[in-house]
Amino acid sequence: MPVQTLTPAPMMSQQQSTVRCASCGATLDDRTARATCPNCGGLLAVEHVAPRSTGAALRALFDERLGAASYRGLAAERSGVWRFRELVLPAARPEEIVSHPEGNTPLVARDAVASFAGVNGLRLKHEGHNPSASFKDRGMTAALTQARRIGARAVACASTGNTSASLAAYAAQAEIPAFVLVPEGRVSTGKLAQTLAYGAHMIRLRGDFDDCLELAREASERLGVYLVNSLNPFRVEGQKTIVLELLQQLGWESPDWIALPAGNLGNTAAFGKALREAHALGLIDRVPRLLAVQAAGAAPFAAGFSDDFATRRRVRAETAATAIRIGDPASWDRAVEAIRFTQGHVVAVSDAEIFAAKRVVDSCGVGCEPASAASVAGVRTLVERGIIGREERVVSVLTGHLLKDPDAALAARVAGGLGAEEPLTRDEALGHLERVLAASPAH
């Protein structure tokens with residue numbers, strides 16, 4: 001499928017960007033193919049020359065792009081990522097942009113979830129409404145645009161499932177070969193089905209996600225394949241727009257907290273960068289606190305938080321929330337900066353707590369994959385500890401759609417007493433229906 005492009009007028013910009021190593025300070029231009037620093041191997045960050053407009057004028061520009069024209073333009077003009085292009089990749093030419101479109105995900109409120117979490121003003125930012133059904137599409141539109149800009153021969157990633165599905169979709173659109181490395185037996189069938197259907201070359205590796213990422217980085221160095229995991233600096237630029245969009249949906253009034261699941265820490269890093277830039281540019285006058293939530297069986301970052309990140313931690317990850325089953329997070333240093341800048345918090349929650357939150361989210365008609373529900377479980381934990389107040393405004397980010405892990409959804413349904421494990425006869429089915437109705441509160 002040809003890449004959707006824009007007419008030049010709405011997208012042309014003289015604004016430029018620089019890619020800088022956070023460790024040694026080396027600089028590269030914004031057409032680099034590197035995912036990490038060529039000098040020291042450190043993480044790279046994209047720095048933009050400030051846009052001409054700031055404060056109220058920049059807010060007005062972003063808000064204007066939500067007008068009627070946004071429903072009629074081509075893909076990137078309708079994108080919830082490229083709406084903020086001055087803060088994503090302003091030098092990208094219209095014909096280079098690879099967009100589905102993505103973003104424009106809902107911010108919803110459900111009383112049952114707010115009551116469960118213990119926060120009256122809880123909102124849910126549901127990134128499962130992206131094209132491939134997870135937040136990864138926001139970073140992937142930026143990464144594949146960069147791949148197109150540099151003429152990449154192929155793209156690759158290591159993945160627990162969501163990244164591979166997103167990469168496969170966007171690489172197919174850009175007509176660039178894609179290779180994905182997934183840990184054997186540890187990726188849901190829903191995510192594998194997407195990856196294969198979109199035409200990526202999938203390799204199942206004996207090992208866990210961290211082994212897959214190590215091999216993907218080696219392949220990038222030896223074979224010149226463009227690496228698009230979350231350590232890729234352009235992925236971060238796209239993922240920043242989750243925060244920019246939710247701030248826009250709140251009328252640019254900052255919530256007190258933004259809670260998110262934390263695995264490889266790419267989103268934690270991206271959220272911190274978004275908030276730093278939004279505050280510096282006058283888009284917001286107050287910085288929300290970040291709450292990064294890990295599964296207890298894959299919680300090196302939470303352990304690091306307990307001693308103010310004095311030591312970088314690594315664990316052998318094990319959790320049923322497969323999207324955050326990562327023991328050696330690649331974006332550790334950038335995520336530490338994000339937590340410190342926002343005076344944030346990191347917490348670990350058990351799988352039982354994650355699935356309890358998931359059942360509540362699912363039962364109110366919203367639904368999410370297990371890892372997403374960690375953000376709600378983490379809010380509940382901090383309310384119980386007295387760190388988050390009941391009257392504070394909180395946004396929990398749901399990172400993936402319920403059907404990303406259909407087996408978990410079915411198991412949670414049966415565990416909640418909403419279905420029988422075995423098929424029933426007609427009489428048994430009527431009896432089951434009677435019992436459910438008798439136990440249901442009258443309306």
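The values are calculated or read from the model by the stated rules, or taken from the named source; none is laboratory data. Remember, it's a predicted structure, so these values are computed and weren't measured experimentally. Glycine gets a Cβ as well: all are built from the backbone with ideal geometry, and neighbour counts include every protein chain shown. The area values use the complete protein model at the heavy-atom level, side chains included, leaving out ligands, DNA and RNA. Shrake-Rupley method; radii C 1.70, N 1.55, O 1.52, S 1.80 Å.
From the mean inverse distance of alpha carbon pairs (Kirkwood) and the Cα radius of gyration, derive Rg over Rh for segment 103-249. Walk me through the intermediate numbers first.
Numbers: Rg = 16.5 Å, Rh = 16.0 Å.
On the Cα set of segment 103-249, Rg over Rh gives 1.03.
Sort 427-433, 254-260, 244-250, 398-404 for me by packing, meaning the mean count of neighbouring Cβ atoms within 10 Å per residue, highest on top.
Numbers: 427-433: 11.3, 254-260: 24.0, 244-250: 20.7, 398-404: 25.7.
Per-residue Cβ counts within 10 Å, averaged per peptide and sorted highest first, yield 398-404, 254-260, 244-250, 427-433.
Roughly speaking, to the nearest percent, how much of segment 225-345's 1.4 Å accessible area is carbon and sulfur? Could you put the intermediate results ahead of the total?
Values: 1570 of 3430 Å².
Taking all protein chains in place, segment 225-345 shows 46 percent carbon and sulfur surface.
Output wanted: per-residue J couplings in Hz (rounded whole) for segment 274-280, from phi through Karplus 6.51 cos²θ - 1.76 cosθ + 1.60, θ = phi - 60°, x for Gly and Pro.
For segment 274-280, the Karplus-derived couplings read 4, 5, 4, 5, 4, 6, 5 Hz, x marking Gly and Pro.
What is the antiparallel percent of DSSP beta bridges lying wholly in the chain, to the nearest 5?
Details: 12 of 40 bridges.
In the chain, approximately 30 percent of DSSP beta bridges are antiparallel ones.
If you place +1 on the Cβ of every Lys and Arg and -1 on the Cβ of every Asp and Glu, how big does the dipole about the Cα centre of segment 177-287 come out, in debye to the nearest 20? Intermediate results must be reported in sequence, preceding the final value.
Working: 11 positive and 13 negative charges, 47 e Å.
The calculated dipole for segment 177-287 is roughly 220 debye.
When the Debye formula is applied to the Cα atoms of segment 18-169, each taken as the same point scatterer, what base-10 log of I(q)/I(0) results at q = 0.14 Å⁻¹?
-0.87
With θ set to phi - 60°, apply the Karplus curve 6.51 cos²θ - 1.76 cosθ + 1.60 along segment 249-258 and write out the HN-Hα couplings as whole Hz, x wherever there is a Gly or Pro.
Along segment 249-258, the couplings run 5, 8, x, 6, 9, 5, x, 7, 9, 10 Hz.
Would you pull out the residues with amide H under 5 Å of residue 345's amide H, same chain only if 5 or more places away, H placed 1.01 Å from N?
290, 291, 292
Give the label of the value calculated from the structure for P(r) over Cα pairs in 20 Å bins from 0, in percent, choosing from (1) 27, 58, 14, 1; (2) 25, 50, 24, 1; (3) 25, 56, 18, 0.
(1)
Can you pull the percent of segment 36-175's accessible area that's carbon plus sulfur, 1.4 Å probe, other chains left in place?
Numbers: 2240 of 4730 Å².
C and S atoms contribute 47 percent here.
Before I look further, what does the chain give for accessible area per residue, probe 1.4 Å, in whole square angstrom? Write out the running numbers ahead of the final one.
On the way: 18050 Å² over 443 residues.
It amounts to 41 Å² per residue over the chain.
Where a Cα-Cα gap under 19 Å defines reach, which aspartates and glutamates qualify for residue 358, not counting those fewer than 8 residues away within the same chain?
Within the straight-line limit of under 19 Å, residue 358 reaches these aspartates and glutamates: 111, 127, 318, 369, 384, 405, 407.
If amide hydrogens are placed 1.01 Å from N in the peptide plane, which non-local residues have theirs closer than 5 Å to the one on residue 202?
180
What does the helix-only formula give at 222 nm for the chain: each DSSP H stretch with n ≥ 4 adding -39500 (n - 2.57), the total divided by the residues, and the result rounded to the nearest 500 deg cm²/dmol? Show your work: numbers first, answer last.
Details: 15 runs with 169 residues, N = 443.
So the calculated ellipticity at 222 nm is -11500 deg cm²/dmol.
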